[in-house]
Amino acid sequence: MFQQIIIACFLVFGIAFMLLALGLSWLLSPTRPTKGKGITFECGMEPLGLPWVRYRSGFFVYAILYVIFDIETAFLYPWALSFGRMATNWFLLVEMLIFVAILMAGLLYAWKEKALSWH
Amino acid sequence: MNPWLVALLRALLILLVMLLNGAMAIYMLRKVLGHAHLRLGPTELGPAGLAQLLADIVKLLVKEDRHPNRSDRWLYIIAPFIVFVPSFMTFAFIPFSNKLVAANPDLSLLMMLAFMSIPPLGIFAAGWASRSKFATIGAVRAVGGMITYEIPLLLSALPPVMLAGSMNLQAIVVSQSTSIWYVLPCLPSFIMFLICAQMETSQTPFDMTEADQELVAGFATEYSAMRFGFMYLAEFAENFVMAALAVTLFLGGWTLPGISAAALGPFAVLVFVAKCYILIFLFMMIRGTYSRYRVDHYMEVGWKRLLPISVVWIMVFAAALRVIAMLKGGA
């Protein structure tokens with residue numbers, strides 16, 4: 001329970017410190033808004049067109065692969081822990097080798113299909 | 001003693017450490033980068049330009065806080081909190097010495113990595129909420145970066161866990177003091193970890209999110225005054241946290257080889273901080289030396305090199321551990 005209290009304290013303290021510093025800044029700093037200051041920066045011109053540009057997300061496929069591999073990593077952590085504690089167990093090793101080999105085959109397939117490059 | 005009081009005092013202490021580190025790191029960055037570029041860095045204010053730190057803090061505090069009028073107001077205000085607060089919370093798990101650690105749960109490594117993966121979401125929120133073209137591109141790149149480095153980063157922290165048989169950072173340090181520093185058996189992981197740390201903190205070879213020459217200030221273009229200050233304070237904090245994690249996992253934490261924890265006494269903290277700053281210095285030298293990756297090359301390096309290498313290395317490492325255990329115990 002003590003550890004949770006500390007982590008909760010850090011959360012509250014971090015937010016409180018930020019509010020304090022922002023409040024101090026609010027007290028000390030001048031406020032003279034002009035029309036120009038409210039405009040989004042675009043190299044000195046009036047902003048052209050929509051601000052949310054259509055940005056080609058060339059990494060859409062990466063994002064899907066990321067989900068798969070992130071889950072794999074989440075599995076690897078408890079495995080590494082128990083493997084470290086009983087390294088004499090063959091079963092643990094072979095099991096994980098098979099699991100990883102299947103995933104790597106998937107990665108190689110994605111690679112071959114050019115999913116891992118922007119085109 | 002009241003646990004809430006203890007917790008509050010620890011948070012206060014760690015906050016001081018974090019602020020001090022931020023100030024130190026800014027000064028150090030300017031000096032190191034200056035000398036790397038054959039300049040002198042700050043020299044005017046105070047001895048060797050040391051008072052520059054104070055001047056910077058005062059400047060951030062008294063600048064006008066400007067809101068772009070087409071920003072997404074709420075998200076714009078919340079985003080610096082999402083960036084700053086989790087990077088402050090990661091400090092709770094750093095073992096500065098055998099007694100000086102704010103929070104020491106059994107899974108402290110996992111907790112630390114979990115908190116470390118929140119700030120990129122804040123960076124995305126900041127860039128998106130600004131409704132500026134440069135900031136939007138920076139924000140999208142932040143997400144692209146996160147899905148690139150995170151898996152190799154998590155995987156490169158695995159071999160020390162296997163060797164120590166624990167996910168508690170303090171236990172990992174202690175088990176290194178009784179055997180050897182894990183940098184020797186896990187050298188490939190260490191190198192991978194350093195590369196991913198550069199990506200995680202978006203330092204120059206991989207600073208996709210802010211890339212000054214391309215994106216003005218990237219995700220932080222529309223932020224000013226103290227909000228901007230917090231974004232950068234969080235960045236320097238992450239720098240320190242990554243260095244501290246590398247030191248803890250691979251370089252023996254607060255221990256020195258051949259000297260017991262009792263003999264080291266209060267100097268353990270100094271040993272730890274010195275190791276961290278040596279690594280931060282290395283990061284800064286890399287930052288001053290290499291040029292930036294192109295954004296698609298950056299993702300390809302992550303997916304085609306770092307990820308396969310780290311997965312294969314972990315399996316080789318596990319098999320080697322198994323064989324060594326067999327030779328030793330004959331099971």
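The values are calculated or read from the model by the stated rules, or taken from the named source; none is laboratory data. This one's a predicted model, so the numbers in the text were calculated from it and none came from an experiment. So basically every Cβ, Gly included, is an ideal-geometry build from the backbone, and we count neighbours across all protein chains shown. Protein only, heavy atoms only, side chains kept; ligands, DNA and RNA dropped before computing areas. Shrake-Rupley method; radii C 1.70, N 1.55, O 1.52, S 1.80 Å.
Placing +1 on each Lys and Arg Cβ and -1 on each Asp and Glu Cβ, with no other charges, gives the protein assembly as shown a dipole about its Cα centre of roughly 340 debye. Rounded to the nearest 10 degrees, the angle from helix A:2-28 to the longest Cα principal axis of chain A is 20 degrees. For region B:171-182, 3J(HN,Hα) computed residue by residue from phi via the Karplus equation (6.51, -1.76, 1.60; θ = phi - 60°) reads 5, 5, 5, 4, 6, 6, 6, 8, 10, 10, 5, 6 Hz, glycine and proline entered as x. Ranking B:MET146, A:LEU28, B:ILE94 by how far each Cα lies toward the positive end of the dipole of the protein assembly as shown (charges on Cβ) leaves A:LEU28 at the top. Where only DSSP H runs of four or more residues are counted, chain A gives -22500 deg cm²/dmol as its mean residue ellipticity at 222 nm, each run worth -39500 (n - 2.57).
When both region B:204-232 and region B:56-87 are represented by their alpha-carbon centers, they are found 12 Å apart.
For region B:209-331, the fraction of 1.4 Å probe accessible surface lying on carbon and sulfur atoms is 70 percent. Put simply, chains B and A cover up around 7300 Å² of each other's accessible surface, both sides summed, when a 1.4 Å probe is used. Across chain B, Cα-Cα pairs farther apart than 24 Å form 58% of the total. Measure out, as a whole number of angstrom, how far apart the alpha-carbon centroids of region B:11-29 and region A:83-119 sit. Using only Cα atoms to place each centre, the spacing works out to 40 Å.
For the peptide B:227-237, the mean number of other protein chain Cβ atoms found within 10 angstrom of a residue's Cβ is 1. Annotation: lysines with alpha-carbon distance below 26 angstrom to A:LYS112 (same-chain offsets under eight excluded): B:LYS304. Take the Cα of B:PHE281, step 7 Å along the line toward its Cβ, and report every residue of region B:7-35 whose backbone nitrogen sits under 12 Å from that point. Those under the cut-off are B:32.
Excluding same-chain neighbours fewer than eight residues apart, the lysines reachable from B:LYS275 by a Cα-Cα span under 29 Å are B:LYS31, B:LYS99.
Below 13 Å, Cα to Cα, which aspartates and glutamates can B:LYS59 reach? Residues fewer than 8 away in the same chain don't count. Reachable aspartates and glutamates: none. The residues of chain B present an accessible area of 39 Å² per residue when probed at 1.4 Å with all protein chains retained.
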